[in-house]
Every structure is written in C-alpha cells, then in structure tokens.
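First up is the structure itself, then whatever we jot down about it.
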Amino acid sequence: MASYLLKRLAGLALVLLVMSFIVFCLQSIIPADPARSLAGPSAPQETVDQLRQDMGLNDPLLVQYGSFVSRLTQGDLGTSIRTRQPIAEDVLRYGPATLELIIAAMLMGTALAFILAFAQATLQRSGGVRVGMLALGSVPIFLTALLLAYFLWFRLGWFPGSGRLDIRRFSGPTGFFVLDGLLLGRPEVSLSALRHLFLPALALSVPIAVSVGRSLSSALVDVMRQPYIRTASGKGLGAGYIFLRHGLRNAASAPLAMLGLQVGLLFGNLLIVERVFAWPGLGLYTVQSFATSDLPAVLGVALVFGAFYILVTMLVEIAQSLADPRIAL
Amino acid sequence: MSVMTSGPITSQNTGGWLRRIGWLERVGLLGVLAVTCLAVFGPLIAPFDPMLRVADAYLPPGATHLFGTDEIGRDLFSRVLLGVRYTWLPGLAVIGIALVIGSAVGVFAGMMGGWVDALFQRIVELFLVLPSTLIAISVVAALGPGLLNTMIAITIFWWPWYARMTRDEVRRIRSRPHVEAARIAGVSDMRLMLRYLLPGTVPALLIAATLDVANIILTLSLMSFLGLGLPAPAPELGAMTARSIDSLTTYWWLPILPAIVIFVMSVCANLAGDGIRSALRGA
Amino acid sequence: MRDPVLSIRGLHVRLSRDGQASTVLDGIDLDMAPGEVVALVGESGSGKSTIGLAIQGLLPAESQPDISGSIRLAESEVVGAKPDALRQIRRTLVRGVPQDPMGALNPTMTIGRQMAETGLTSVEVLDWLTRVGLPDPERIARDMPHRLSGGQRQRVLIAMSMAAKPRLLIADEPTTALDVTVQAQILALLTDLAREQETAILFITHDLAVAAELSDRVMVLFGGRVAELGDTRKVVASPAHPYSAGLLSARFDLDTDRNRQLTSLSIDRDRRRPEGAHCNYQARCPLASSTCRLQRPDLKETATGSRAACFHSDRVPELLLSARTAPEWPEPIASDADALELYRIRKSFPAGRSTLFGKKRHTQVLAGVDLRIRLGECVALVGESGSGKSTLLRIAAGLTQADEGDVSWFGGVPPQVVFQDAVAALTPWLTIGEQIRDRLRPLGLNRSEQDKRIAEALNLVGIDPALAEALPSELSGGQCQRVTVARAVVVPPRLLLCDEPISAMDVSLAAQTLNLLGTLRRQLGMGMLFVTHDLAAARLIADRIAVLEKGQLVEIGEPDQIISAPQAPYTKTLVSAVPRLHAQEARL
C-alpha cells in the first residue's frame, strides 16, 4: 500500500509537471504582453519594462519555466488580469461553491445511475429504458440546464434558478453553505442552499448518471451470469442477498472507473451550468475570465482542476482495489 | 469518450447483418444520412438569407418563420440550417482525422511491440489521464477562438483513444491463434497485416467512431457555447444558444431550438452507432 | 425401491437462444434411491447439464425456460415452486458441484465467508475444510479464491455442498477442468463423502469409463431423450441402444488395440433438435429403418435387462462385432533422418511483477530438454498443465525463442502446426480456400493448379472441396479441425506439431481426428509431435511417448512399455489416473 501510494504520488507529480508545462507553453504563446495588461494600457513604457524585468519575462524560457514551477509549489498561480487578485486567492474564494456543486452532482449522479441501471435490468425486454438512456446521453448539457431552468424555475417555480442562497451577504467558516448553515445553527440557510443546489446539480448529474448507469448495468448483467452467482443461488441464498453481497461488489470496478472519468469531463459542463444558473463558482469565474481574455486566470483554474482530477483518479483506483482484492495496488 | 467494448468478432454472414438492426437504429442511420445531406445542401434550401434581417425581431415560431426570428429579425430556421453545417461537418472531420492518426499510430505500435510499444503506451496514458476537455478549452483560449483551432484542440485529445483501441485490437488479434497459424503457413508480413490483422480491427474502430460522432458534436457545441468557435455573426448552434441565454424567459425559442437541433443530431448519431454495432457484432 | 429421493416424470424443457425456442429435454423419467449413484452420459448438446440445472431450479432466466412435467425431491415439487420453497429445497435437499471450479467462487469474498453463508459456524467451516483434505484450513478460510489452485477450489466447493448434508448431489463433469492426476482424487473424495452421508449423486459426464467406475446405474441421453437406462455393468457389457454401442466402441483407453484405427460414430450432427414422432438417433444410426423415421421408440425392457428406446435393440450386438474390425493403419513411410532435433532446450519466463528495486524473478519452464523425432515417426509429449509441454511445442515450431539450446528441422524448413482450438486458428473473415491458398503462394503455381491442390487437400481430410468458398463460421468445429489439417498438409511438411488437438472434443470426434492424423503422418512420411495430457490418446497415436514433468523429460520409450512398466513415479500416477473400461469389465 505504502509503495503504491509512493508510486502514485510520483505519477501525480509527473502529470502535474506535464500539465504545468502545457499551461506554461500556452501562457508564453499568448500574443498579449502580460506586463502590459497588468500595468494597464495607460501606464508609461518604463513601468511596463520594469514590470517585465520584475516578472522575469526577459529571462530565457527554461528559467522562466523553472521559476513558474517553483512559484506553483508555493501555491502561487499568478495574478488575474480581471480581478487584479492573486489567482490562488480567487480559487480559494470561488472553489468551495464549485466543490459543493460537484459533490452534490456526483451524489445525485450516482443515485440516478443506480435507478437507471435497475430500470434497465428489470425492464430489459422493453426498449423504453434503453431509448430513454440513449436520449439522455445525447442531450447537450446546456439544453438540460435551460429546460430545467425554464420549467422547474420559470414556469413552475419549484426551485430557485440562480445563485446559491435567497439571503444576501452570508459567509461561513467553510464556504460550503449547506455545512455552514448547520455549523452556525441556521438550518434555514442550509435548506435554502440545498434548494439552490438542486437544479444545477441535477443538470450536471445527467451525463454522469447516464454513463455510470450504462456501465453499471452492463457490468451487473455480466456479473449476474457468472458461475459464482449460480453457486450462490444453488446454496439457497435469497435473490436480494445474492445481488447485494455477490453481485454489486463484483460489478463495482468499471462503473467506479467511469465515475472518475466523468470528473474529467465535468469541467466543461461546470462552465455552462454555472453560467446558466449564475452559480458563483470557479466555472462562472472562468467564463467571465474568457469574456475579458484573462488567460492567466483560465489557465490557473485549469491547473487546479487538473490536479483535482488526478487526485480523484487516484481515489478511484484505491476504491477499485478495495472492492476487488485481485487488483493489487 | 469512446465506448471501450471489445468482444469476439462474429460471422459476417451476408444478408444477416441488416436484419440484426432494429427499426429505431435504422431511423438513426437514415437520420445521419439526412443530417449529412442537410449539412451539405442545407443552405441551398434555406428559405431566407441567414445573415440578413428579413422580418420583425422576436417573431415566435410560425408558418413563414418555422423557428421564429431572432433579436435583429433574422430567420432562425435558415440560421439553424447553416448551423448544422458548422457543427456536423467539423465533427465528421475531427473523427476522420483522429481515426487516421490514431489507427496509424496504433497499428505501428501494435506491430512493433517492444520498447516502441511501451513508449507509445506511456504517451497515450499521459494523454488519457489529463483532463482533456479542460486542456482543449485552454488551448483554444490561448490560440485564440476559431473553428480551426477548436478542431485542432479536440483532435489532439481525441486520437489517443483510437490509437489505444487500435493498438489493443492489433495486440489482441496478433496473439490469436489464427494470426500465428497464418504466420506458420508462411504468409508474408505485408499480407499478414493487410489481410489477417487489419480487417479485424475495423469493427471495433467503426463502432467507436460512430458512437463518438455524438460526443464530438456535444464537445464542439460546448466549445461554441463558450465562444471558442466562429466569431459572432456566424450561426453556430452552441453559440446561438449561448448568446440568447438571457432571453430564455421571454423568447424561449432563441436558446432552446438550436439546442434541440443539436440534441436531434446527437440522438441520430448514437442510434446509428448502436445500429452499426448490432450489425457488426450481432448483439 | 425405497422412497425415491428424486423422482422425475415426463420432464420437458424448452429453452430460447437468440430469440429461438427449442426443445432441450423431451420426456425424461428417472427415479433415484437414497445413496444411489446414477451417471448421466451424453455428448455436448444432449441436454445432460440441463437436467442437472432443472433439478436445482437454476435454469438461467435469460433463456426463458419453459418447463413441464414434474421433478420431486423428497416430497417437494421443484417445477413451478415459489422462490421461497425453491430456496428451502436448495438449502437442504439438493446441492451441485460445478464443472469449472475456477469461476464458481466469488472472487471478492473469503473462502470462510462463502462457506459460512448458509449458516455454518466457523468451527464447522474449519472442520469441513479439513475433511476435504485441504492443508492449513485456517489460512484457506481467510484466503480469497484466486490464491487457490483449481483442485483446491473444487475441494472447497465439495465441502460447501456436502456440509449441507443434501439428499442429492448433482456433479456436472466436476473434474474435466482439472489435471488428470487430481481428477481421481476428487472423484474418490466425492464418492466417499456421499457414502458417509447417504447422499445420492447424479453424476453428469461424457465419459462412459468414468461413469462405469463410479455409478450404480447409467442413463444415456441423446438429443434430449433417454436412449438407454439401466445397471451400469449391464449397459457397459452389452449395450442395447446403438448410440450406447457407438459411444463404447469409439472411446479408447489404455487397453484399446493400437494396431488398428479407432471405430467412430457418424458425427453429422443435425443442428435442429428433431422433435416429434421419430427416433432422434435415426439420422446417425446404422440400424435405422423406415419405422425409426415414422415412430418414436419408447423405453422398454430389453433382453440384457436394461431399458432402451430402440426398435432394433436385438441387432445392437452385431453392430458391436462389426465395430471391432476397424481398418489397420496404412504402412508408414519411415526414414532414419531426423525431422526434428531439440538439443538442451532451456526456457524461463519472468514471474510476477518486478519489485521497485529488486531483480525480476524468473520461473524455469524448460530445464534442458533433448528430443529427436525421425521422419514418419510420431512422438507424444505427455504432461499436465504447467509441465512446459506447450512451451516446448512453441519452441519446436519457432514461435518462441529458447533461452538456450538448438532447434533444427529437416532441410531447415519450419514445421506446420495443428492447434487445440481449430475455430480460433482460422481467420474468421477469409474463406477456407483463401487460407489454404496462402500456403501455395510461394510455389509459383497458377490459379487453376492452386485450386486443384486445394481440392486434393480437402479431399484428403474428408471435406467436400465445394466448401472452399465457405467462411469458417459456416463449418462445424470438427470440420474446422480438418481444414487446419488440410492447410498443414497441402504442401506436405516434414514435421507436423499437434497442440492438444482433441482435448476439447467429444469421443466420436476425437476418434476421427486421431484416425486422420495417424493415417496422414504414415502416408506422407511426416514426423509428428503430439502434445497431450491424455495418456490413452498418446499411446494410440504415437510410436514413442515422452513424459514431461516440471520442464524435464522424466521418461521416454515405447508406449506399451511406458504403460505396463512406468519407471518415473510421475508416470505411474499418470497411468493409474486413466479410467479403464475394460479393466472394469474384467473385474466383473
């Protein structure tokens, strides 16, 4: 286990290095002069030159990359052109909202995946479920988001369709409002936060549910045909027990991998969903940075998200090995 | 992204394959043909000029303007027809290029084996472990928005899937007794690759590629939604939705209808992919 | 008979495959007394496994089983039983031992937990693991299944079943997936436990000799119907159904006459399962008359005392007599030149994953093997799985490089190979004619000459040359095997390597393949290396037998000498593990 973790951490470092290199390359091919954009268009040329010198922009590229990496290791992602804040601080500010959304979406997606998989398993002969899943898997995320917003918020008014809370000016110790409401003894805040979470999380969860559900149902169909399932039912065990104790665990590996893969695809969807539901998280921050050509901010967020994704992949592998003792770490 | 299923290659009895395709999948295959025709000839049959003001702004869908008109009175239906071209053809192109690059690299690595294969696998793994959409978005953001840049960025992150799939298929088929048997029978290397190996990789690749058309369309429209595609007046479907998103509560058809067209294209592609899979695999 | 533990009446089962329903069992009747052992014998597709599953109510739901008739297990009806009742029946009355122990244990649950699932205490679990002869039961109870060998897993499964003290045990070919030397031990264990607990055993097998060793009565099944049912000794000594007679004459063991070819059944298998008013066996039966085509024979008492479903039971003895006069082998073209010479072959493979800093570990598979095969001579290489025999064949074929040692072929021409899985050895998307043609390409013949050679080769192996245009998927498994042989001999090689070519075959098909290979190598003067785990087949086909154990040749010599006076202890185990039908007869 320890050697596995060591190996994986080395792999993680390598991948992060590659990512940082890509980000660095992208940053250096940007035609705009970062010193100029930081100083502002009206600043005198001497200021800009001084800034270039200070930022190390006159150094050879390799030296620049070295100092870029060393700054990264200290948690310095650079400065945003739009907000004029260190990007790391912006990430810390908007990150919790996004993380809350991601967790909610993963939970909902997993729950929906189970429902879809069971529907497919029990209604195998009716094509309805299959076509339904195919349709759900073909919806562009912005259509899901727009339809949910149009009907459940605008038409029916069941759920709020923008922002994180009804009340303004709330801040809590963790930034996860559902948790903060409970910590501060204000359950109405948690409730409001949950209601606001519902629509964006649902929109995000649809693609997760479809791919994980598909993979789960095909894994289950496969596992339930294995000879050891027959052994178990030959022992006179109940169908429900067999499904839970012998079926699910053996079918877990592929859907888990799919869940991890979905995190990688989540980022693009986050931008859209946060934009549609005005969710003040990293996605919306990135969309706004796009709009103002604030590339350092976009790339900084990309780097953070990439690291997050790689961590998730690692967790998935650990979960897979827990589910199946044959996968040695 | 790609659906990684590999199973035994079943017989390709002539005639039998058509019967294995369900009616829904046939509709999907027809739909794919129809969409391709629309993408090529659509602008010819468009009732109005997609770039000009032809009526009042914000007309709801009706008989003259099937999809209504937009904020400056352009015919939405004509714009959507052109939009199909801007989404569908780049999608096919990306798949095609990724397939060519991927299968060439995959066959090479699979045939060579040894350190070439090992190196290739490490590189592909790196590509696959990186969050691809994210980097593609960053790449386009850095290179500057535009359809070509978008296509390049997506292709860069798409071919490794095909390369790995081809490589795995080549390795799988190569280790099967029938290839060994052919080698023992004295079949020349070139003939072995072309007649005994490559045909075996085709079904898996074809299935993955067809099913991926839908994924590419969704990714392309996502990029277009984020403003990374063609610049403003061009009627890209994703961008049309994005620009009119704030009109959702007042003029719903502006954001919703282009999105629904994307949905229909993607459903057709998925159904067609399923159809091809059942034709080739008998599943 | 005492109150039967199992009573099957008029059992009909229809199963669907790819949406097409067909009759798998057509009117089965069977009674079994407590503690009785009944063998259920038939070829693959005869429906024998279906009976076993139907008794346990385990027919897979996806094949939409349609069952009529009655299966009573000690007063409980299985057909149409509610899930709860069925569960109770499986818990206490009937248990199964599966064919393949490798997949039959849940890979993610410890052995101990899987055994305790039906209510065994941990003390009982350990006790049972000890009783089935497993070493260190504490460790095994804590282990995951993938750390056990096949034989150990089968012992676990037997413990799991017998611990429930069932009235009936269904053993579906419980040893076919195991090594020969382990097979006998497992069978002995099974029957001993059953005798102790007075558990009846329904023993499903394709091998009449195994049935003869174990069972009190035998039921021969053909095409979903009972062909013959009776006392095992009587059926084996004097079968009353032409199919039983065919099975008996086609099977071979260490006592079969090796100077003659084997007699074999007609194997043209009617893929549709004939249903209705005729004898199922008539298409293959040498005794068939017009009555057989128009009427369904009922099971009736015969002169020998068993019950057979045949209108011509009285003529079966003639059939047996004519079967004993199979043709002799053709005169071999022999020579003193070596077709193959293997000199001090060594080979090892990396074992497991290398640790981060440690050296890679290697397992030695072949530890210096010397072997010569003369032109026209056949050497059989015998050993169990893991002995290195397949690796040696691959090295002899030039498919794998040896670490040390030399391989030389007559004239330096590489040999041809007949693979175990013939279907997999043919390319699915090329016609068999094209695949055979690829061997003729270097000869520079024109197209019509090539076609002629292809037709000749197909004729030689007994395949209609018109099938040259067919894809492999349109042929049966037996035909595919013949095509691979045709491809090998279309340009007659000096050396033919056969990798377990009959291990996955029914007796009749195996006999035909042995006849074909034995005839061809004599006619064409080829040297032949025949790799097998089946000592009886080795004895029939080969001029010499070489026994391989853990990468070393422990014994080599004339077949009869090896079998009558084995020297190496390993050879002795192998010889004693082969079930012998005629020894059985002699004992009676």
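The values are calculated or read from the model by the stated rules, or taken from the named source; none is laboratory data. Nothing here was measured: the structure is a model prediction, and the numbers come from that model. All Cβ positions, even for glycine, are placed from backbone atoms using ideal geometry, and neighbour counts span all protein chains on display. These accessible areas exclude ligands, DNA and RNA; they are computed on the full protein's heavy atoms, side chains included. Shrake-Rupley method; radii C 1.70, N 1.55, O 1.52, S 1.80 Å.
Worth pointing out:
- Unit charges at the beta carbon, dipole of segment C:242-323: most positive-side option, C:CYS285, C:ALA308, C:PHE252: C:CYS285
- Note on the protein assembly as shown: the C-alpha convex hull projects to 56.2 nm² when averaged across all orientations.
- Segment C:242-323: Cα Rg divided by the 2.2 N^0.38 Å rule of thumb: 1.19
- Shape class of chain C from the Cα gyration tensor (axes a ≥ b ≥ c, square roots of the eigenvalues): oblate, since a/c reaches 1.5 or more and a/b does not exceed b/c.
- What the Cβ-Cβ distance of C:ARG447 and B:ASP246 gives, at R0 = 51 Å and to the nearest 0.05, is a FRET efficiency of 0.10.
- Remark: the Cα gyration tensor places segment C:493-535 in the oblate category, a/c being 1.5 or greater and a/b not exceeding b/c.
- A 1.4 Å probe run over the protein chains yields, for the protein assembly as shown, 43 Å² of accessible area per residue, whole-number rounding.
- Using a simple spin-label model with pseudo-atoms 7 Å out from Cα toward Cβ, C:ARG346 and B:ALA34 lie 7.2 nm apart.
- Counting only protein heavy atoms and using a 1.4 Å probe, the accessible area of A:MET314 comes to about 20 Å².
- Fully extending the segment from C:GLN185 to C:THR130 would add 18.3 nm, taking 0.36 nm per residue of separation and subtracting the current Cα-Cα distance.
- About the Cα centre, charge dipole magnitude for segment A:88-291 (Lys/Arg +1, Asp/Glu -1 at Cβ), debye: 720
- Legend: helices of chain B (whole DSSP H runs) are marked when their alpha-carbon atoms reach 24 angstrom or more along the helix axis and their mean Kyte-Doolittle hydropathy is at least 1.0; marked are B:23-45, B:76-112, B:198-225, B:253-281.
- With the whole protein complex present, B:PHE41 retains an accessible surface near 120 Å², based on a 1.4 Å probe.
- Placing pseudo-labels 7 Å out from each Cα toward the beta carbon at C:SER335 and B:MET112 gives an inter-label distance of 4.4 nm.
- Shielding by partners - mean other protein chain Cβ count within 10 Å, residues of C:107-115: 4
- Taking B:TRP159, A:TRP158, A:TRP279 and ordering them by how much accessible surface each has at a 1.4 Å probe, largest first, produces A:TRP158, B:TRP159, A:TRP279.
- Cut-off 14 Å (backbone N to label point 7 Å along Cα→Cβ of C:ALA283), residues of segment C:203-224: C:223-224
- Pair-distance distribution P(r) for chain B, from all Cα-Cα distances in 10 Å bins starting at 0: 7, 24, 28, 22, 12, 5, 2, 0 percent.
- Segment A:182-329: C-alpha gyration tensor shape, a/c 1.5 cut-off, then a/b vs b/c: prolate
- Cβ-Cβ FRET estimate between A:ARG82 and A:THR174, R0 fixed at 25 Å, reported to 0.05: 0.45
- Largest-first ordering by accessible area, 1.4 Å probe, given options A:ASP90, C:ASP29: C:ASP29, A:ASP90
- Compared with the dominant principal axis of the Cα atoms in chain A, helix A:282-291 is inclined by about 50°.
- Loss of accessible area when C meets A, both sides summed, Å² nearest 100, probe 1.4 Å: 2300
- Taking max minus min of the alpha-carbon positions on each principal axis, segment A:88-291 gives extents of 62, 36, 35 Å, largest first.
- Carbon/sulfur fraction of accessible area - the protein assembly as shown, other protein chains in place, 1.4 Å, %: 58
- Degrees between helix C:150-162 axis and first principal axis of chain C (Cα, 0 to 90, nearest 10): 10
- By accessible area with a 1.4 Å probe, ligands and nucleic acids excluded, highest first: order of A:LEU112, A:LEU61: A:LEU61, A:LEU112
- Mean residue ellipticity (222 nm) of the protein assembly as shown, computed from DSSP H runs ≥ 4 via -39,500 (n - 2.57), nearest 500: -16500 deg cm²/dmol
- Neighbouring partner chain Cβ atoms per residue of B:184-191, average, 10 Å criterion: 6
- Selection from A:TYR285, A:PHE118, A:MET108, by position along the positive dipole direction of segment A:88-291 (Cβ): A:PHE118
- Binning the C-alpha pair distances of segment B:189-283 at 5 Å intervals from 0 yields a P(r) profile of 3, 13, 16, 15, 12, 10, 9, 8, 6, 4, 2, 1, 0, 0 %, listed from the shortest bin outward.
- For a label point 7 Å along the Cα-to-beta-carbon line of A:ILE318, residues of segment A:250-265 with backbone N under 17 Å: A:256-257, A:260-261
- The Cα-based radius of gyration of segment C:76-221, divided by its Kirkwood radius, gives an Rg/Rh of 0.96.
- C versus B: buried accessible surface, summed, Å² (probe 1.4 Å, to nearest 100): 1800
- Taken about its Cα centre, the protein assembly as shown carries a charge dipole of about 660 debye when Lys and Arg each add +1 at the Cβ and Asp and Glu each add -1 at the Cβ.
- Crossing angle, helix C:477-489 versus chain C [Cα axis fit, 0-90 degrees, rounded to tens]: 10
- Calculated FRET efficiency for the pair A:ASP222/A:ASP59, C-beta based, R₀ 51 Å, to 0.05: 0.35
- Residues of segment B:106-151 that lose at least 30 Å² of accessible area (1.4 Å probe, protein heavy atoms only) when the other protein chains are present, relative to their chain alone, are B:LEU126, B:VAL129, B:LEU130, B:PRO131, B:THR133, B:LEU134, B:ILE135, B:ILE137, B:SER138, B:ALA141, B:ALA142.
- For C:LYS550, a cut-off of 18 angstrom between C-alpha atoms picks up these lysines, skipping any fewer than 8 places away in its own chain: C:LYS347, C:LYS389, C:LYS572.
- Between A and B, buried accessible area from a 1.4 angstrom probe totals roughly 3600 Å², ignoring ligands, DNA and RNA.
- The residue among C:GLN154, C:MET115, C:GLY133 whose Cα reaches farthest toward the positive pole of the charge dipole of segment C:107-163, with charges on the beta-carbon of Lys, Arg, Asp and Glu, is C:GLN154.
- Projected label distance in nm at C:ARG72 and C:ALA470, using a 7 Å step from Cα toward the beta-carbon: 4.8
- Computed Kirkwood radius, in angstrom, where 1/r is averaged over Cα pairs of segment C:107-163: 10.8
- Remark: relative contact order (segment C:128-246) = 18 percent; criterion is Cα-Cα distance under 8 angstrom and separation of 6 or more residues.
- Those residues of segment A:139-153 for which accessible area with every protein chain present is at least 30 Å² below the isolated value (1.4 Å probe): A:PRO140, A:PHE142, A:LEU143, A:LEU146, A:TYR150
- Taking the chain by itself as reference, segment C:409-438 contains these residues with an accessible-area loss of 40 Å² or more in the full protein complex (1.4 Å probe, heavy atoms): C:PHE419, C:ALA424, C:THR427, C:PRO428, C:TRP429, C:LEU430, C:ASP438.
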